[in-house]
Amino acid sequence: MSNAGDFAPNTKTHEMAMEDKITSVSKEKRVIKPAAEFQKQANIGSMTAYRKMYRESINSPSKFWAKQAKDFLVWRKPWNKVVEWKAPHAKWFTGGMINVAENCLDRHLGTARENKAAIIFEGEPGDVRTITYKQLHGEVCRFANVLTRLGVKKGDRVAIYLPMVPEAAVAMLATARIGAIHTVIFGGFSSSAITERVNDCEAKLVITADGGYRRGGVVELKKNVDEALKKTPSVEKVVVVRRCGNSVQMKKGRDVWYHEELEEASPVHKAKGFSSENPLFILYTSGSTGKPKGVLHTSAGYLLGTALTSYYVFDLKEYDTYWCSADVGWITGHSYVVYGPLCSGATTVMYEGAPNYPDIDRFWSIIERHRISIFYTAPTAIRAFMRGGDEPVKKHDMSSLRLLGTVGEPINPEAWMWYYKTIGGGRCPVVDTWWQTETGAIMITPLPGVTPMKPGSATLPFFGVEPEVVDDSGRKVPKNSGGKLVIKRPWPSMLRTLWGDDKRFKEQYWSQFPGIYFCGDGCRQDKDGYYWIVGRIDDVLNVSGHRLGTAELESALVSHADVAEAAIVSKPDEIKGSGVVAFVTLKAGRNGSDNLKKTLREHVGKEIGPIARPDEIRFTEGLPKTRSGKIMRRILKEVASGGDRYGDVTTLEDFNVVARLAKTGEDE
């Protein structure tokens with residue numbers, strides 16, 4: 001395929017205003033131009049060079065991606081065809097053979113990189129480990145042999161439930177090395193969340209730890225796994241990493257210690273080549289309805305997307321020490337803690353604990369101590385640090401930083417400017433990146449040293465990405481009008497399907513605008529072509545950079561014996577971006593109280609995880625519904641935020657419900 005017509009669906013894109021458009025209230029006018037000094041050394045040195053590469057990626061995609069795949073990846077066997085696209089399914093580099101772990105490790109052996117730090121780890125208690133590429137290769141080979149000895153084969157699913165320790169990266173890479181599929185479960189999730197995810201993908205083996213450190217305490221991960229595995233018939237073995245030394249129960253015949261298994265394993269493991277479309281991992285992300293979605297990513301296209309964006313977006317150099325503060329339980333940790341940086345031969349930092357433990361300056365002390373040059377974090381963290389003021393930052397030498405990045409949610413301009421000036425000293429470009437679990441890699445972003453930055457805007461599309469802002473009919477809206485963000489052509493790191501549910505994959509992402517990927521985000525494009533993400537359109541909540549589905553939270557509340565019905569909405573939160581508000585209707589004869597609110601919050605934390613606990617619980621006699629019984633969430637959002645602009649309420653069954661809800665808010 002050699003031209004845009006090979007990819008683009010036949011749809012109209014003429015300009016038309018939306019009847020029910022998304023209103024953007026941003027009036028940000030500031031533009032910060034790239035510093036000449038940074039531009040001189042940048043991996044892409046000019047806007048002219050960016051535009052030339054971008055045009056080629058859109059007009060001659062097969063030629064462009066073939067060149068990138070040759071330059072950035074090591075192949076066992078070349079591909080026959082760059083892409084096969086039959087909407088909504090794509091196959092990239094078909095006929096090619098590749099090993100993801102080999103690309104992240106073996107390729108660096110025999111070069112100057114083999115003795116370079118691959119991972120610098122700092123635990124919350126302050127322990128530090130530095131692991132070279134040669135050492136990491138040896139441990140991954142050992143663990144690949146362990147997995148094979150424990151019966152894991154190509155295509156088997158392996159669940160990983162670990163703290164942010166190097167063994168998490170080892171587990172991911174070893175699983176990839178033998179062609180198995182990993183699903184990493186965030187260490188903050190509870191046992192029932194583990195059960196649901198393990199059962200959905202029918203994981204054969206679970207890798208966990210005795211515990212992990214968090215805010216001075218020990219999170220008992222093995223205990224959560226033991227509880228979860230009471231209802232997981234597919235699991236045959238559990239491998240346990242000794243991290244905290246806390247007492248755990250080891251089930252004979254099922255549970256084994258990681259360190260004991262490694263002692264008996266050979267450091268030699270010959271990597272095999274697998275199909276470019278061999279599944280690499282399943283990552284569960286919350287949906288607006290029903291159970292979590294198992295997003296499936298495959299090998300070559302995903303790895304190319306993460307490697308290419310790592311190199312250009314973070315302007316990676318051999319001397320960089322790079323730190324992405326995300327947990328490996330999320331897509332950012334997959335793409336920009338493990339796969340992208342290691343494929344690029346970078347030094348990647350992993351930190352186990354909370355960002356403000358034992359003090360609010362923990363992140364800045366890490367940057368000073370390890371001389372970090374690239375720092376990538378979430379706006380939620382930035383806003384929390386802003387609240388702590390400038391003094392904790394001034395205590396530390398931040399001069400090693402040369403580039404900053406943000407990820408996970410839109411960043412407000414005030415936080416952007418504080419980050420740029422206080423953390424970066426006004427000298428570091430800020431790459432405000434937009435992408436998703438489903439996209440696999442960064443999609444819209446400034447290129448450092450090239451793109452003039454506008455605080456709060458993700459700016460321009462990355463190579464091969466063709467975004468558009470459309471109305472409900474799929475027609476392009478005028479500049480500076482709000483609409484729905486779509487991606488008009490396939491890209492290498494895109495999700496391939498939802499595990500075991502291709503029907504839901506089609507309905508979720510491809511049914512609203514046939515042949516075009518619907519992101520689920522609201523957006524506007526300004527007169528300069530810059531994209532401004534204005535938040536989620538569906539009912540997924542973005543809390544502290546974590547996507548949480550309302551359906552999961554509501555299900556957790558309703559599972560409590562006192563609750564008849566529940567609806568979850570978000571409201572703006574200065575620190576977390578979005579706070580979680582629960583409207584709860586109790587069963588007859590039950591009375592709302594502060595104690596019950598506390599009980600319900602703890603119940604949700606137990607069912608899903610502490611991060612999902614509602615910030616507010618409001619008891620109500622009823623919920624605003626349409627005549628067909630659908631809850632009108634936009635009304636609840638308005639009530640939660642203290643507003644009274646309810647919009648069109650012609651379909652509302654009982655307006656008195658709204659009046660009572662508003663009064664309840666006033667009473668509180």
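Can you list, largest first and rounded to whole Å, the semi-axes you get for the chain by taking the square root of 5 times each eigenvalue of its Cα gyration tensor?
Details: eigenvalues 259, 203, 134 Å².
Ellipsoid semi-axes (Å, largest first): 36, 32, 26.
For the residue pair Met386 and Asp573, what label-to-label distance in nm results when each label sits 7 Å from Cα along the Cα-to-beta-carbon direction?
1.6
Would you mind giving the average projected area, over all directions, of the Cα convex hull of region 135-209 in nm² with one decimal?
Values: hull surface 18.1 nm².
The directionally averaged projection comes out at 4.5 nm².
So how do Tyr322, Tyr420 line up by other beta-carbon neighbours within 10 Å, fewest first?
Listed from fewest to most nearby Cβ atoms, that is Tyr420, Tyr322.
As an exercise, identify the GluC sites (Glu not before Pro) in region 293-392 lying in DSSP coil whose Cβ has no more than 13 other Cβ atoms within 10 Å. If you can, show how the numbers build up before the last one.
Details: sites: Glu318, Glu352, Glu368; in loops: Glu318, Glu352.
Hits after loop and neighbour filter: Glu318.
With charges only on Cβ, +1 for K and R and -1 for D and E, what is the dipole size of the chain about its Cα centre, in debye, rounded to 20?
That gives the chain a dipole magnitude of about 1540 debye.
Past the 21 Å Cα-Cα mark, which pairs from Lys63/Lys91; Lys63/Lys503; Lys77/Lys154; Lys70/Lys272?
Over 21 Å Cα-Cα: Lys63/Lys503.
Among Ser457, Ser190, rank each residue by its count of other Cβ atoms within 10 Å, from fewest to most, as a rough exposure measure.
Fewest to most other Cβ atoms nearby, the residues stand as Ser190, Ser457.
Okay, which of region 435-478 sit inside 11 Å, backbone N to the point 7 Å along the Cα-Cβ direction of Lys317?
What the label zone holds, given the 11 Å backbone N cut-off, is no residue at all.
Give me the distance between the Cα centres of region 76-119 and region 196-257, rounded to whole Å.
Centre-to-centre distance over Cα atoms comes out at 31 Å.
Which pairs break 29 Å Cα to Cα here: Lys293/Lys484; Lys116/Lys421; Lys116/Lys204; Lys237/Lys270; Lys52/Lys484?
Lys116/Lys421; Lys116/Lys204
What does the C-alpha gyration tensor say about the overall shape of region 105-267? Classify as rounded when a/c is under 1.5, otherwise prolate if a/b is larger than b/c, or oblate.
oblate
Can you give me the distance in nm between label points at Lys395 and Arg129, each placed 7 Å from the Cα along the Cα-to-Cβ direction?
2.8
FYI, it's all coordinate maths here, none of it is from the lab. Just so it is clear, the model here is predicted, and its values are computed rather than measured. Backbone-built Cβ (ideal geometry, glycine too); neighbour counts: all protein chains shown.
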